[in-house]
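Trainee: What follows is a single structure, and I will ask about it in a moment.
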Amino acid sequence: MVGQLLLRGMIAGLVAAVLAFGFAWTFGEPEVNYAIGVEEQKAIAAGEDPGAEPELVSRDVQSTTGLATGLLAYGAAIGGLFALVFAWAYGRATGLGARAASALLAVAAWIAVALVPQVKYGPNPPAVGSGETIGARTSLFFALLVVSIALMVLAVLLARRLWASRGPWTAGITAGLAWLVAVVVILLAMPAINE
């Protein structure tokens, strides 16, 4: 059963990746090309040659085949990981049905994995971020990602613990508020990067 669930999760991830590729290619790539143009103009204005460094992968490959390959691999991996987490959590974390449990898990995962880290350390396109801070930004982003996931797991464990004595509604609200306070404290405590 877990094998079929894993396969279905990976297929769902691939479908999502195809949709993400269409969106990124239509709306994201023009903005990235514009940012690269701004960066090249800044280099020319500073008297530098923007084409001096050898291009390891052409921009055409990056924006088509590279983008599609990366998104397909990422989509399959995230879909499979979601399916495995769902297989473990279903029946353990909540008494909800399969659809409701997967929707709740998807929302919680999106908040913990995508929203919280991006609030503090959002991605910077070329010509916006400083090359000197990319290592620090990446390290801080992944540290916040791990902390965010851990806080979400702790919130679920707290809700489960309170469920029997306080009821599902009070347990959910209490755990949600505890999670929110912890996230705000962590976001304020982590260093800001002002470029």
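The values are calculated or read from the model by the stated rules, or taken from the named source; none is laboratory data. Keep in mind it's a predicted model, so treat the numbers as computed, not measured. As a convention, Cβ positions derive from the backbone with ideal geometry for all residues, glycine included, and neighbour counts pool all protein chains shown. All accessible areas refer to the heavy atoms of the entire protein, side chains included, with ligands and DNA or RNA removed. Shrake-Rupley method; radii C 1.70, N 1.55, O 1.52, S 1.80 Å.
Trainee: Under a plain spin-label model, where a point goes 7 Å from the Cα along Cα-to-Cβ, how far apart in nm are residue 74 and residue 132?
Mentor: Taking the two extended label points, one gets 2.8 nm.
Trainee: Using a basic spin-label model with each label point 7 Å from the Cα along Cα→Cβ, how many nm lie between residue 1 and residue 61?
Mentor: Computed distance between label sites residue 1 and residue 61 equals 4.6 nm.
Trainee: Under the 0.36 nm per residue contour assumption, what length would be gained going from the current alpha-carbon distance of residue 8 and residue 189 to full extension? It would help to have the intermediate numbers written out before the result.
Mentor: Numbers: separation 181, 0.36 × 181 = 65.16 nm, distance 3.96 nm.
Extra length available between residue 8 and residue 189 comes to 61.2 nm.
Trainee: Which order, highest average first, do 100-109, 36-45 follow once you tally other Cβ atoms within 10 Å for each residue and take the mean per peptide?
Mentor: 100-109, 36-45
Trainee: Then there's this: Given the options 56, 19, 180, state which has the largest fluctuation in a GNM of the chain using a 10 Å cut-off (strictly under) for Cα springs.
Mentor: 56
Trainee: At 1.4 Å probe size, with the rest of the protein present, what percent of the exposed accessible area of the chain is carbon and sulfur atoms?
Mentor: 71 percent
Trainee: Right, something else. How much accessible area per residue does the stretch 90-191 have, in Å², with a 1.4 Å probe?
Mentor: Accessible area per residue, the stretch 90-191: 63 Å².
Trainee: Compute the relative contact order of the stretch 1-134 as a whole-number percentage, counting only Cα pairs closer than 8 Å that sit 6 or more residues apart in sequence.
Mentor: 45 percent
Trainee: Which whole DSSP H helices in the chain pass both tests: a Cα extent of 30 Å or more along the axis and a mean Kyte-Doolittle value no lower than 1.0?
Mentor: In the chain, the long hydrophobic H runs are 2-23, 67-89, 134-166, 168-189.
Trainee: Same structure again: Summing -39500 (n - 2.57) over the DSSP H runs of n ≥ 4 in the chain and dividing by its residue number, what mean residue ellipticity at 222 nm do you reach, to the nearest 500 deg cm²/dmol?
Mentor: Per the formula, -23500 deg cm²/dmol.
Trainee: Listed highest first by mean packing, meaning other Cβ atoms within 10 Å per residue, what order do 69-77, 186-194 come in? Please list the in-between numbers first.
Mentor: Working: 69-77: 16.3, 186-194: 11.6.
My ranking of the peptides, most packed first, is 69-77, 186-194.
Trainee: With each label point set 7 Å from Cα along the Cα-Cβ vector, what nm distance links residue 96 and residue 164?
Mentor: Label at residue 96, label at residue 164, 2.3 nm between them.
Trainee: Next question. Please give the net charge around residue 154, taking every other residue with its beta carbon less than 13 angstrom from that of residue 154, where Lys and Arg add +1 and Asp and Glu add -1.
Mentor: +2
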